């Protein structure tokens, strides 16, 4: 089978661009050029109006002639990437090979696979896909920049991370055995990221109970109840209330 040089873009963690098997990130023009490339990569499914690109690059303090500045950046990108890599003049679009991989897209696809597999009880597939999404989403997205559209993407990746931890934790519970501890770790990471996310407490409770630590599992429920009461003035939801009742029944059953 004929192999083709790979095209891979990493925007989370260390910024890296491999185009047709060649690393080119060091050749991209300036911080603004890299930012422009990242925006085009994250929106590669569509052509982007130039006004939108200008707003993305210079939301508060644009240069004296932002249209000309954008034209210069696009020209420099084409020089590095190849003339055919960015199509369109009025509405530029990043044209990548069909098999190109962008880590943010990979994370979004992986968390969907993980949740679908967990819903079907396909624990092995949910485990691996959840882990894949975690590895990407836990790394910071373009940390050297702080712009409104990047904050939106970071919130989206935060959600991906929490959802992938949940799917991975469910898979660990489904697989059982030595993977049960993984469900507890996933649950603790979920509530560290979002103390109000009840699924994290449920994962911890189920993991502890499955390993015979009923008292610890009941204490986690009390922790969830206290946090929810203090922060929102509400009781835990039906999922962990039902689990709590089941654990109480188990703990009071005669030996």
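The values are calculated or read from the model by the stated rules, or taken from the named source; none is laboratory data. Bear in mind the structure is a predicted one, so any value in this text is a computation, not a measurement. Here Cβ is always computed from backbone atoms with ideal geometry, including for glycine, and neighbour counts include all displayed protein chains.
Checking each residue in segment 73-102 for being in a helix (DSSP H, G or I) and either assigned by TED's automatic domain parsing to the domain that holds residue 142 or surrounded by fewer than 16 Cβ atoms within 10 Å (Cβ to Cβ) (or both) picks out 75, 78, 79, 83, 84.
Per the listing 47, 41, the residue uniquely part of a loop (DSSP other than H, G, I, E, B) and in contact with a strand residue (DSSP E or B) (Cβ under 6 Å, 6 or more places away or on another chain) is 47.
For segment 44-68, the tally of residues that are touching a helix residue (DSSP H, G or I) at 6+ places or on another chain (Cβ under 9 Å) and touching a residue at least 12 places away in the same chain (Cβ under 8 Å) stands at 10. With the requirement that a residue be touching a residue at least 40 places away in the same chain (Cβ under 8 Å) and more than 27 Å from residue 21 (Cα to Cα), what does segment 69-90 give you? 90, the sole residue that qualifies. Under 28 Å from the mean Cα position of the chain (by Cα), modelled with pLDDT under 95 and not in a helix (DSSP H, G or I): does that describe residue 59? Judged against the criteria, residue 59 is a match. In this structure, residue 67 does not qualify as over 22 Å from residue 153 (Cα atoms) and surrounded by 15 or more Cβ atoms within 10 Å (Cβ to Cβ). Of the numbered criteria (1) in contact with a helix residue (DSSP H, G or I) (Cβ under 7 Å, 6 or more places away or on another chain); (2) closer than 30 Å to residue 32 by Cα, the one residue 179 fails is (2).
When the residues of segment 1-38 are filtered to those that are free of Cβ contacts under 8 Å to residues at least 24 places away in the same chain and touching a strand residue (DSSP E or B) at 6+ places or on another chain (Cβ under 6 Å), which remaining residue is surrounded by the fewest Cβ atoms within 10 Å (Cβ to Cβ)? Of everything passing the filter in segment 1-38, 16 is surrounded by the fewest Cβ atoms within 10 Å (Cβ to Cβ).
Among the residues examined, residue 53 does not qualify as touching a strand residue (DSSP E or B) at 6+ places or on another chain (Cβ under 7 Å), in the same structural domain as residue 89 (by TED's automatic domain parsing), within 16 Å of residue 145 (Cβ to Cβ) and part of a helix (DSSP H, G or I).
Does any residue of segment 119-133 turn out to be part of a helix (DSSP H, G or I) and closer than 20 Å to residue 41 by Cβ? Within segment 119-133, one or more residues are part of a helix (DSSP H, G or I) and closer than 20 Å to residue 41 by Cβ.
Matching residues to (1) at negative phi; (2) touching a residue at least 24 places away in the same chain (Cβ under 8 Å):
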| position | (1), (2) |
| --- | --- |
| 177 | no, no |
| 196 | yes, yes |
| 228 | yes, yes |
| 233 | no, no |
| 238 | yes, no |
